[in-house]
Amino acid sequence: MTARVLRAADRTATPWKNGGGVTREIAAYPEGAPLDAFDWRVSLADVSRDGPFSSFPGVDRTLTVVEGAGMDLMVGGEHHIVDEQYWPHDFPGDLETEGRLLGGPVVNFNVMYRRERTSAEVAVVRGTVRLSVPEGGAVLAVALEDGAVVDGQDIELDRYDALLAQGESPGVLRTQGWALVVTLSDG
């Protein structure tokens, strides 16, 4: 089993070209892949103003608001109101997308994956959850609040810390607050 703790404090903020926010990459596969070559990529984005989303041909996205009032997304000419925290919202990353803030800045949890090579499931959890790793895939658990632990691993996760596991299950995640679990499988 390969399991790594990815601390929020170790992430670098990358400013967007349009000046509307910054992204902090949590994990990607293959590790270090550029934006046009990843199989999957998970990040947190601080969005400070309205604006267009980058287009990612062949990529599906899941956006989950984790801080703030939310966004009105115009995806391919269709409105998607994303105004409930901790509610994953799926949309194609290759459609023209504009985001409008509903009540000030937000922090979004983003999962992007190439639909030809990977599938992703995003679950918001609380309490006790067994982390399952699909064959050839990975599972990523991200604490949304302090106080998450992984039984038997002597691992404690504070807010926005993550555990990435490949191979065997790292065990049971126990949270006092909310967490996100992303299961990534070969497409």
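Data for the structure
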quantity: Counted charge near Gly76, where neighbours are those whose Cβ lies closer than 12 Å (Asp, Glu -1; Lys, Arg +1); calculated: -4
quantity: Peptides ranked, highest mean first, by Cβ atoms within 10 Å: ranges 111-118, 60-67; calculated: 60-67, 111-118
quantity: Under 5 Å, built H, 5+ apart or other chain: amide partners of Gln176; calculated: Ala148
quantity: Whole-Å distance, taken between Cα centres, linking the stretch 84-107 and the stretch 52-78; calculated: 4
quantity: Extreme residue, positive dipole direction of the chain, given options Gly20, Leu180, Gly51 (C-beta unit charges); calculated: Gly20
quantity: The stretch 60-163 - convex hull of the alpha-carbon atoms, volume per residue in Å³; calculated: 102
quantity: In Hz, Karplus ³J(HN,Hα) per residue of the stretch 20-29 (6.51, -1.76, 1.60; θ = phi - 60°; x = Gly, Pro); calculated: x, x, 9, 10, 10, 6, 8, 7, 8, 9
quantity: Compactness of the chain, expressed as Rg and Dmax over alpha-carbon positions, Å; calculated: 15.8, 48
quantity: Lys, Arg +1 and Asp, Glu -1 on Cβ, resulting dipole of the chain about Cα centre, debye, nearest 20; calculated: 200
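Every read-out reported here was derived from the displayed coordinates using simple, explicitly stated rules and does not represent laboratory data. Bear in mind that the values here come from a model prediction, so they are computed numbers and not experimental data. Ideal geometry is used to build each Cβ from the backbone, glycine not excepted, and the neighbour counts take in all protein chains shown.
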